[in-house]
1. Report the full-extension gain for the segment B:LEU199 to B:ARG22: residue separation times 0.36 nm, less the Cα-Cα distance, to one decimal in nm.
2. When the dipole is taken about the Cα centre of the stretch B:3-212, and only Lys, Arg (+1) and Asp, Glu (-1) are charged at their Cβ, what size is it in debye, to the nearest 20?
3. Convex hull over the Cα atoms of the stretch B:118-219, averaged projected area in nm²?
4. What number in nm² do you get for the stretch A:35-153 if you take the convex hull of its Cα atoms and divide its surface by four?
5. So what is the relative contact order for the stretch A:6-222, in percent, with contacts set as C-alpha pairs under 8 Å and at least six apart?
6. Under a Cβ-Cβ cut-off of 14 Å, what is the net charge of the residues other than A:ALA84 that fall near it, where Lys and Arg count +1 and Asp and Glu count -1?
7. How large is the direction-averaged shadow of the alpha-carbon convex hull of the stretch B:3-212, in nm²?
8. If exposed means no more than 13 neighbouring beta carbons inside 10 Å and the site is in a DSSP loop, what's the longest run of chain A without any exposed chymotrypsin sites (Phe, Trp or Tyr not before Pro)?
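Every number in this text was worked out from the coordinates using simple rules, so none of it is lab data. None of the values given here were measured: they were computed from a predicted structure. A quick note on method: Cβ atoms are made from the backbone with ideal geometry, for glycine too, and the neighbour counts reach across all protein chains shown.
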Amino acid sequence: MPDLGLSVLLKGKNFARILGGLGVALKISLVSVAISLLLGTLLGILMTWKNPLSRAILRLYLEFIRIMPQMVLLFLVYFGTTRAFGWNLSGELSSVIVFSLWGTAEMSDLVRGALTSIPAHQYESAAALGLSKRQSYFFVVLPQAVRRLIPLSINLITRMIKTTSLVLMIGVVEVLKVAQQIIEANRMSSPNAAFGIYLTVLLLYFFACWPISLLAKYLERRWR
Amino acid sequence: MNWTVIRQYLPLYRKAAGLTVRIGLLGIAAAILIGLFCTAVQRSRIPVFRQLVSAYIELSRNTPLLVQLFFLYYGLPKIGVPTNAVACGIAGLAFLGGSYMAEAFRSGVEAIDIIQEESAYSLGLSRGQTLRYVIFPQAFSVSVPAFVANVIFLLKETSVFSAISLMDLMFTAKDLIGLYYKTTESLFLLVVFYLLILLPISLLGTLLERRTRHAGFGT
């Protein structure tokens with residue numbers, strides 16, 4: 001039976017290199033996740049305001065970011081800004097910018113959805129009980145909204161981790177690129193390594209995202 | 001912005017957009033079939049198949065399409081499975097989309113109270129009739145928003161096909177930037193063409209959601 005990549009994987013530091021590549025991908029996604037959760041929450045709250053101008057601007061931002069494939073956004077930031085402003089952004093920085101823009105848009109919509117899903121009678125009952133506006137926000141609305149929000153935002157995290165695989169296309173050396181390099185380097189000794197190596201990458205992504213998805217599912221069920 | 005350049009590029013982009021849409025639609029159609037099949041298997045509760053379907057759904061939902069495509073396109077030929085880029089693109093999209101569609105359909109089916117089914121039977125409807133006249137119309141209207149979101153999501157995902165050298169919009173843009181350095185024009189056309197493909201579908205989806213919402217039934 002020809003070698004399908006297992007021996008290549010165990011040769012030298014190859015597996016450690018692949019894990020390092022996954023680390024690069026995860027680092028980009030986690031930095032973007034942190035920024036997105038923060039900014040997304042802020043924008044989401046802004047979106048529930050009644051000011052028509054801020055609403056229109058946020059809506060436009062949200063719709064544009066959401067309808068464009070993330071890959072197009074990556075190209076716009078990575079190649080477009082170089083041309084338009086002469087910036088020389090590194091691949092990592094461009095991807096953090098893009099995923100933060102995208103994650104913020106998605107997160108703000110989740111926050112808006114969670115806040116508006118609290119029925120009006122909750123606000124009214126809180127007012128009837130004599131709670132001030134701030135009190136009703138902190139003690140009545142937020143606890144309920146957060147419960148709806150947390151499973152959804154955990155799901156967003158897995159989506160962002162998966163989307164990070166795209167950074168390969170703007171030249172960031174992450175797990176897929178490392179896998180490509182390893183396969184190329186061993187092309188003579190084991191020409192069939194691509195099967196095993198790419199399968200390993202697939203499984204690595206799976207084991208990075210699966211526990212997070214399970215957590216989201218569990219919380220969703222528990223807090224329903 | 002140079003309009004002559006844009007006019008020159010237009011046919012290239014039009015061709016690429018055709019490919020994007022064609023592969024996208026074929027992949028989505030296959031994904032719908034896989035989704036229906038998975039939902040049917042999960043509802044039928046056949047022991048081993050049900051676990052297999054669950055494993056498939058978890059695997060496909062927790063891995064990126066790009067990595068799936070790399071495995072399909074560069075990995076599978078090594079164990080003797082012949083592949084080509086178009087087939088891989090469609091298969092990858094179907095593999096990814098199948099699980100998303102299955103989840104959308106499942107949420108629709110699960111939203112229907114068991115009492116609906118029981119009432120249909122007690123009214124003398126057969127199993128097939130119950131499915132066709134009672135379960136399906138209700139499940140459909142519940143699934144529509146998730147379904148529309150999935151269609152848009154999958155069409156967007158087609159942008160990674162350039163990685164397996166399919167000449168789609170992304171590929172064309174990257175190619176033209178590399179060849180002629182007309183970055184602004186290339187990116188402008190890229191955005192315009194994706195908007196042309198995705199905006200109508202997004203609007204149609206909103207319309208469809210609105211039209212099917214009237215099938216209200218309790219809460």
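1. Details: separation 177, 0.36 × 177 = 63.72 nm, distance 1.67 nm.
Length difference between fully extended and current span is 62.0 nm.
2. Using Cβ point charges on Lys, Arg, Asp and Glu, the stretch B:3-212 gives about 400 debye.
3. On the way: hull surface 37.8 nm².
Over every viewing direction, the Cα hull of the stretch B:118-219 projects on average to 9.4 nm².
4. Working: hull surface 34.6 nm².
If you wrap the Cα atoms of the stretch A:35-153 in a convex hull and average its projections, you get 8.6 nm².
5. Details: 229 pairs, mean separation 67.4, N = 217.
Taking the mean separation of contacting Cα pairs over the length of the stretch A:6-222, I get 31 percent.
6. Numbers: positive: A:ARG83, B:LYS182; negative: B:GLU185.
Spelling it out: positives minus negatives among the neighbours equals +1.
7. Details: hull surface 57.7 nm².
Seen from a random direction, the Cα hull of the stretch B:3-212 projects 14.4 nm² on average.
8. Details: sites that count: A:TRP49, A:TRP87, A:TRP223.
With a cap of 13 other Cβ atoms within 10 Å, the longest stretch comes to A:88-222.
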